[in-house]
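Worksheet: one structure, shown below.
The values are calculated or read from the model by the stated rules, or taken from the named source; none is laboratory data. Please read these numbers as outputs of a predicted model, since none were measured by experiment. Glycine also receives a Cβ, built like all others from the backbone with ideal geometry; neighbour counts cover every protein chain displayed. These accessible areas exclude ligands, DNA and RNA; they are computed on the full protein's heavy atoms, side chains included. Shrake-Rupley method; radii C 1.70, N 1.55, O 1.52, S 1.80 Å.
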Amino acid sequence: MSEQTIAAMRTTSEIVKLARQRLDQNAWDYLTGGAETETTLLRNRQALDEIAFRPRVLNNVSDIDLSREFLGMKMRLPVFLAPIGGLQQICPNGGGLPALKAAEDFGILSILSSVTEPGMDVAKAEVKSPLGYQLYVHGDDAWVFDILDQVQALGFVAFCLTVDTAIYSRRERDLIKGHTPRGRQRAGLDRDYQAKLDWDQIDRIRDKCKVALVAKGIATAEDARLAVEHGIDIVYISNHGGRQLDHGRGAIAVLPEVVEAVDGKAKVVVDGGFVRGTDIIKAIALGADAVGIGKLYGWGLAAGGQEGVARVLDILEEEMQVSMGLLGANALDKLTPAHLYRDARPVRAPSVTSGFPHIKFPDFDY
Ligand SMILES: Cc1cc2nc3c(=O)[nH]c(=O)nc-3n(C[C@H](O)[C@H](O)[C@H](O)COP(=O)(O)O)c2cc1C
């Protein structure tokens, strides 16, 4: 597929379709699938589809500002690239680096996964704009502090601990095929530490951490309150894109109770199922400071490397521009819950690609 073809694509649907064509079944399942029955994954979309807009008119929307200050960066959109491990399976040529570069060129933050290529040194050498670093806790305090020292010395702006992976979930697409994704094959990691992680260890990390500390994988008001009490700077609502606990709630459904519990004492970000400009707007209206995208940029990367991710971000921006204008809001801080009706009936059944209903593709979802 020539570069020109990606540049000419007008919709993310076309990009996702190209990603499906380019990825083999194992890579597609790794990127797109979830845990067990994939109910959590589907609820991410369903919960977004249960929110309708209450547009306001006659508000002069000739000039719309979508930018937001976040972690010291003026981001062009209130969006960041969520950490994705194993991106070398999706993009053998550079792993996650083309995505980081696309985000930098576009003007948004990325959080680098600790289990992807490139490693932290290469990422920081190649990308000059702010980056966060995500870690799965696979070791004792000394192990974590050693990584934290490197993260701080290299100048990452945030240290993101993923807390929804105490135990690796049952990914049935992989189990049925007998396939072990490459990230799972890494030797020398003590996975028991993830199960042992608790608030006491968070306190010890908090004491040492001089950059913004992020708890990724919060799914209740109770844990959001605890996170604030334990000094977390950014409460990151996530169900890991439906890849961990099955039968969870859709991520955006959790947002109101967490925003209320946090009560302005920390930043609140969310990810899970966000693939459209309208999705981002809904989260911002409910009080999120920023929204993470995962699979969406993974599909962009699979379809066209750096250019694919860049095109995804451009389209997301255009979608947001159009919808903000039609909603009657010319800046993000004008969005409020009053722009939303939260009891709408979804018009279609959720599926892993139900955000792209115009694609007709045999066996598309699988
Ligand atoms: C292929 C894949 C790998 C992921 N790897 C990581 C990871 O290494 N660390 C992490 O904290 N989250 C990881 N996640 C979860 C994402 O950070 C994010 O929470 C999720 O993708 C958001 O949902 P979405 O894909 O529907 O946007 C991964 C997600 C995917 C799709």
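So who's got an amide H within less than 5 Å of the one on residue 353, skipping anything under 5 residues away but keeping other chains? H placed 1.01 Å off N, in plane.
Amide H neighbours of residue 353: none.
Take the Cβ-Cβ distance between residue 7 and residue 141 as r, set R0 to 51 Å, and report the resulting FRET efficiency rounded to the nearest 0.05.
Between residue 7 and residue 141 the formula returns 0.60.
At a Cα cut-off below 16 Å, give the lysines reachable from residue 360, other chains included and same-chain residues fewer than 8 away excluded.
17
Work out from phi, with θ = phi - 60° and the Karplus expression 6.51 cos²θ - 1.76 cosθ + 1.60, the ³J(HN,Hα) of each residue of the range 292-298, listed in order in whole Hz, and give x for Gly and Pro.
Result, ordered by residue: x, 10, x, 4, 4, 6, x Hz.
Quick one: order 80, 53 from most to least accessible surface, probe 1.4 Å. Walk me through the numbers before you get to the answer.
Numbers: 80 5, 53 65 Å².
Result, largest first: 53, 80.
Compare the peptides 6-16, 275-285 by average per-residue count of other Cβ atoms within 10 angstrom and give them in order, highest first.
Values: 6-16: 18.4, 275-285: 24.3.
Highest-to-lowest ranking by the protection proxy: 275-285, 6-16.
With labels modelled as points extended 7 Å from the Cα through the Cβ direction, what inter-label distance (nm, one decimal) is found for residue 177 paired with residue 208?
Those two pseudo-labels are separated by 3.8 nm.
Taking +1 at the Cβ of each Lys and Arg and -1 at the Cβ of each Asp and Glu, which of 302, 347, 323 sits farthest along the dipole of the range 284-357 towards its positive end, judged by Cα position relative to the Cα centre?
Checking the options against the dipole of the range 284-357, the answer is 347.
Which of 54, 311, 68 ends up with the largest GNM mean-square fluctuation for the chain, with Cα atoms connected below 10 Å?
Taking springs between Cα atoms under 10 Å, the residue moving most is 54.
Ranked from the most accessible area to the least, with a 1.4 Å probe and all protein chains present, what is the order of 196, 177?
Correct descending sequence by accessible area is 196, 177.
Once the convex hull of the alpha carbons of the range 80-186 is built, what does its volume come to per residue, in cubic angstrom?
Values: hull volume 12.0 nm³, N = 107.
With only Cα atoms used, the range 80-186 gives 112 Å³ per residue.
Would you mind getting the accessible area per residue of the chain, heavy atoms of the protein chains only, 1.4 Å probe, in Å²?
Details: 15620 Å² over 366 residues.
Per residue, the chain has 43 Å² of solvent-accessible surface.
In nm, what is the difference between 0.36 nm times the number of residues separating residue 196 and residue 229 and their Cα-Cα distance?
Gain on stretching residue 196 to residue 229: 9.9 nm.
Farthest toward the dipole's positive end in the range 3-341, which of 18, 255, 119, given Cβ charges of +1 (Lys, Arg) and -1 (Asp, Glu) about the Cα centre?
Farthest towards the positive end: 18.
Nearest 0.05, what FRET efficiency do residue 126 and residue 168 give at R0 = 25 Å with Cβ-Cβ as r?
Working: r = 30 Å, r/R0 = 1.19.
Approximately 0.25, to the nearest 0.05.
Take 333, 203, 149 and sort them by solvent-accessible surface of the protein heavy atoms, 1.4 Å probe, largest at the top. Don't skip to the answer; put the middle values down first.
On the way: 333 120, 203 55, 149 90 Å².
Descending accessible area places them as 333, 149, 203.
Given a 1.4 angstrom probe, I'd like the percentage of the accessible area of the range 207-330 that is carbon and sulfur, rounded to a whole number.
Percent of accessible area from carbon and sulfur atoms in the range 207-330: 50.
Given the rule -39500 (n - 2.57) for each run of at least 4 DSSP H residues, summed and divided by the residues of the chain, what is its mean residue ellipticity at 222 nm, to the nearest 500 deg cm²/dmol?
Values: 14 runs with 151 residues, N = 366.
So the calculated ellipticity at 222 nm is -12500 deg cm²/dmol.
In nm, to one decimal, how far is the modelled label at residue 322 from the one at residue 62, with both set 7 Å along Cα→Cβ?
2.3 nm
Run the dipole for the chain about the Cα centre, Lys and Arg Cβ at +1, Asp and Glu Cβ at -1, nothing else charged, and hand back the magnitude in debye, nearest 20.
760 debye
When the C-alpha atoms of the range 3-341 are aligned to their principal axes, what extent does each axis show, in angstrom, from largest down?
59, 46, 40
Over the chain, what is the relative contact order in whole percent, taking alpha-carbon pairs under 8 Å and six or more residues apart?
Across the chain, relative contact order equals 29 percent.
Give the residue from 95, 27, 59 lying farthest towards the positive end of the charge dipole for the range 1-105; charges sit on Cβ (+1 for Lys and Arg, -1 for Asp and Glu) and the dipole is referred to the Cα centre.
59
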